[in-house]
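Reviewing the structure listed below.
The values are calculated or read from the model by the stated rules, or taken from the named source; none is laboratory data. What you are looking at is a predicted structure, and each value in this text was computed from that prediction instead of being measured. A quick note on method: Cβ atoms are made from the backbone with ideal geometry, for glycine too, and the neighbour counts reach across all protein chains shown.
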Amino acid sequence: MSFVREKVIWLALSVLLILTPGLGGFAPAQTINDTIVSKAKPIVQKHSSSKATILAALIPGAGQAYNRKYWKIPIVYVGWAAASYAVYTNQKNYKDSKNNYIAETDGLETTVNQSGLNATQLIANIDYYRRYRDMSVLILLAWHGLTIIDANVDAHFFNWDVSEDLSLRIRPSALWVGPMRPGIGLSLILNNK
């Protein structure tokens with residue numbers, strides 16, 4: 001008898017499992033008018049300041065291009081070109097002065113000083129061009145650092161609101177400091193339209 005009871009229980013469970021998904025059919029059908037339409041939020045692309053900084057550090061002007069400040073790219077390259085030219089010119093003059101000093105002081109007749117300067121003048125030129133070459137390298141590095149900082153700051157302010165809804169008015173105003181003691185002041189009025 002238990003065998004028949006088990007078969008009946010299994011049969012009842014099978015029928016229940018088969019019919020259960022259909023039980024939801026008792027609810028009224030959903031119409032198109034019942035759907036909820038939500039407005040899509042505007043997608044705000046995150047503008048990465050670290051990406052702009054890394055790009056500016058690796059390739060001069062790339063951070064400005066990432067920030068869409070294309071007008072700054074020629075300025076970046078003009079600064080790079082000017083500082084690089086100063087490094088090149090001072091290094092060339094330093095080497096020429098050093099070679100002429102060696103030619104002046106080595107005592108060999110095969111080497112000739114072509115500058116027409118004496119040894120003390122050549123030493124002064126060597127020191128002068130070495131100092132300005134080193135300073136030009138520092139200026140080149142400072143320029144590169146400045147362009148990196150510029151790219152970073154521009155990236156931070158990329159999504160900054162600069163609409164015409166903000167205004168500031170400065171007006172003079174009369175103050176009463178005490179009884180019968182007038183004063184003059186400035187009034188700052190910030191309007192957020």
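So residue 151 clears everything in (1) within 25 Å of residue 65 (Cα to Cα); (2) more than 41 Å from the chain's Cα centre (by Cα); (3) not basic (Lys, Arg) except one condition, right? Which one?
For residue 151, the exception is condition (2).
What number goes with the only condition from (1) in contact with a helix residue (DSSP H, G or I) (Cβ under 6 Å, 6 or more places away or on another chain); (2) under 30 Å from residue 61 (Cβ atoms) that residue 119 does not pass?
Of the numbered conditions (1) in contact with a helix residue (DSSP H, G or I) (Cβ under 6 Å, 6 or more places away or on another chain); (2) under 30 Å from residue 61 (Cβ atoms), the odd one out for residue 119 is (2).
Given the conditions (1) under 30 Å from residue 70 (Cβ atoms); (2) surrounded by 10 or more Cβ atoms within 10 Å (Cβ to Cβ), report the number of the one that residue 129 does not fulfil.
All conditions are met except number (1).
Consider residue 191 carefully, then state whether it is touching a Lys or Arg at 6+ places or on another chain (Cβ under 8 Å) and modelled with pLDDT of 95 or more.
Spelling it out, it is not the case that residue 191 is touching a Lys or Arg at 6+ places or on another chain (Cβ under 8 Å) and modelled with pLDDT of 95 or more.
Looking at this structure, is residue 167 under 33 Å from the mean Cα position of the chain (by Cα), modelled with pLDDT under 95, under 30 Å from residue 53 (Cβ atoms) and surrounded by fewer than 11 Cβ atoms within 10 Å (Cβ to Cβ)?
On the way: under 33 Å from the mean Cα position of the chain (by Cα): yes; modelled with pLDDT under 95: yes; under 30 Å from residue 53 (Cβ atoms): no; surrounded by fewer than 11 Cβ atoms within 10 Å (Cβ to Cβ): yes.
Here the answer is no, as residue 167 does not meet what is asked.
How many of the residues in the stretch 118-130 are of a type outside the set (S, T, N, Q) and farther than 15 Å from residue 95 by Cβ?
Counting residues in the stretch 118-130 that are of a type outside the set (S, T, N, Q) and farther than 15 Å from residue 95 by Cβ gives 2.
Here are 84, 97: which of them is under 25 Å from residue 55 (Cβ atoms) and surrounded by 13 or more Cβ atoms within 10 Å (Cβ to Cβ)? Show your work before the answer.
On the way: 97 fails: under 25 Å from residue 55 (Cβ atoms).
That would be 84, the only listed residue that is under 25 Å from residue 55 (Cβ atoms) and surrounded by 13 or more Cβ atoms within 10 Å (Cβ to Cβ).
For a quick check of your reading of the model, give me the residue pairs whose first member lies in the stretch 89-105 and is over 9 Å from residue 125 (Cβ atoms) and free of Cβ contacts under 8 Å to residues at least 24 places away in the same chain, whose second is surrounded by 16 or more Cβ atoms within 10 Å (Cβ to Cβ) and of a type in the set (S, T, N, Q), with beta-carbon atoms closer than 8 Å and at least 6 apart or on different chains.
103/113; 104/113
What is the residue count in the stretch 87-113 for residues that are more than 30 Å from residue 139 (Cβ to Cβ) and either of a type outside the set (Val, Ile, Thr) or part of a helix (DSSP H, G or I) (or both)?
8
Can you tell me how many residues within the stretch 149-162 are assigned to a helix (DSSP H, G or I) and either surrounded by fewer than 18 Cβ atoms within 10 Å (Cβ to Cβ) or at positive phi (or both)?
3
For the stretch 114-127, which positions are over 30 Å from residue 141 (Cα atoms), polar (S, T, N, Q) and not in a loop (DSSP other than H, G, I, E, B)?
Once the filter is applied, which keeps residues that are over 30 Å from residue 141 (Cα atoms), polar (S, T, N, Q) and not in a loop (DSSP other than H, G, I, E, B), the stretch 114-127 yields 120, 121.
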